[in-house]
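Have a look at the structure below, then the notes.
FYI, it's all coordinate maths here, none of it is from the lab. Everything numeric here is computed off the predicted structure, so don't read it as measured data. Cβ sites come from the backbone with ideal geometry, for glycine too, and all protein chains shown count toward neighbours.
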Amino acid sequence: MLKRCILAENRKLHASPIWAMFFVLPILSATYGTFNYLQNLEILTDGWYSLWTQHTLFYSMLFFPAMVATYAAYLWRLEHLGHNWNLIMASPVPPLDLFAAKFAVVTKLALLTHGFVFALFVFCGRVFAHLPGLPPVTLPLFLLRGLLGALAVIAVQLVLAMVIRSFAVPIFLGLLGGITGIFISSKGHGLLWPYSLMQLGMNSNKSADALAGSYGLFAFSCIFWLGTMFLLAWLLLKKRDVRA
């Protein structure tokens, strides 16, 4: 049943307007990051690492939360229309399978987005910044860490989009979560807030490893938020009509 749910969610993406955002926002982030890097070469002297911080800073704290929030709201949009929610609750599909299917599809989109962001990073580094060679191997590691942190953001946004019928409100909350994550991280408490996990994993604001000595806590926090959101989704879907 889960496989069928995933196939159904994937069909929603065919000719979807969210693909325009998929391409536009990473390009905007890469353009801004490259421009800022080139304008501050006297300060940003760490080559690929410096360019990475400029490319991923606004992507991880603003663009990515907004994109994930839009992906999640779009996938829940059909269920919130008319009486579709009542039909779903009366169907033989296990409710958590529906949530898990949406999680799998948004995770796929996040993985593709991360890949596109990294491709733009390498392209801009070689073509516009004229950096030598290829990026250090630690940067793809940061990308993978960012994806792990992104899973927590995805789960939170899917719960928000599930309980809030409005399309715009979960997106606003995603942006607010990303901005809040900046301040929480600056106070040294980033591992406690789901929207900060993506930023810490990507190492988006410094060349030194932001997670040095904290890999275990980072993984635990990601798993904790992921598990908590799945449990919350299961309880909500099992106990009450979300539309109510």
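Cβ under 15 Å from I18's Cβ, I18 left aside: what net charge do those residues give with Lys, Arg +1 and Asp, Glu -1?
On the way: positive: R11, K12, R77, K102, K108; negative: E9.
Result for the local shell: +4.
Report ³J(HN,Hα) in whole Hz for each residue of the stretch 150-157, in order, from the Karplus equation J = 6.51 cos²θ - 1.76 cosθ + 1.60 where θ = phi - 60°; Gly and Pro get x.
Coupling constants for the stretch 150-157: 5, 4, 5, 5, 4, 4, 4, 5 Hz.
In whole Hz and in residue order, list the ³J(HN,Hα) couplings for the stretch 98-103 that follow from phi through the Karplus curve 6.51 cos²θ - 1.76 cosθ + 1.60, θ = phi - 60°; x for Gly and Pro.
Using θ = phi - 60°, the values come out as 5, 5, 5, 5, 5, 4 Hz.
Quick one: compute the contact order of the stretch 1-158, relative version, from alpha carbon pairs under 8 angstrom and 6+ residues apart, as a percent.
Relative contact order, the stretch 1-158: 37 percent.
Sequence neighbours fewer than 8 away in the same chain don't count; with that in mind, list the lysines whose C-alpha is under 23 Å from K102.
Here the lysines satisfying the reach criterion relative to K102 are K3, K12, K238, K239.
Note the full-extension length gain between I43 and A208 as 0.36 nm times their separation in residues minus their Cα-Cα distance, in nm to one decimal.
Here the answer is 57.9 nm.
Might you report the magnitude of the Cβ-based charge dipole of the chain about its Cα centre, with Lys and Arg at +1 and Asp and Glu at -1, to the nearest 20 debye? Let's see the in-between values first.
Working: 16 positive and 7 negative charges, 156 e Å.
Roughly 740 debye, rounded to the nearest 20.
Which one, Y59, T45, G149, is farthest towards the positive end of the dipole of the chain when Lys and Arg carry +1 and Asp and Glu -1 on their Cβ?
Most positive-ward Cα: G149.
Add -39500 (n - 2.57) for each DSSP H run of 4 or more in the chain, then divide by its residues: what number comes out at 222 nm, to the nearest 500 deg cm²/dmol?
Using -39500 (n - 2.57) per qualifying helix, the result is -25000 deg cm²/dmol.
Quote to one decimal, in nm, the extra length available between W234 and S186 on full extension: 0.36 nm per residue of separation minus the C-alpha distance between them.
14.0 nm
I'm checking a number: the convex hull volume of the Cα atoms of the stretch 38-129, normalised per residue, in Å³. What is it?
Hull volume normalised by residue count: 104 Å³.
Taking chymotrypsin sites (Phe, Trp or Tyr not before Pro) as candidate sites, keep only those in a DSSP loop with at most 15 other Cβ atoms within 10 Å, then name the longest stretch of the chain containing none of them.
Here the longest segment lacking exposed loop sites spans 1-127.
Would the stretch 2-239 count as rounded, prolate or oblate if I go by the C-alpha gyration tensor, calling it rounded below 1.5 in a/c and otherwise prolate when a/b exceeds b/c, oblate otherwise?
Note, shape of the stretch 2-239 comes out prolate.
Give me R77, R145 ranked fewest to most by other Cβ atoms within 10 Å of their Cβ, as a rough exposure proxy.
Details: R77 14, R145 23.
By the 10 Å Cβ count, ascending: R77, R145.
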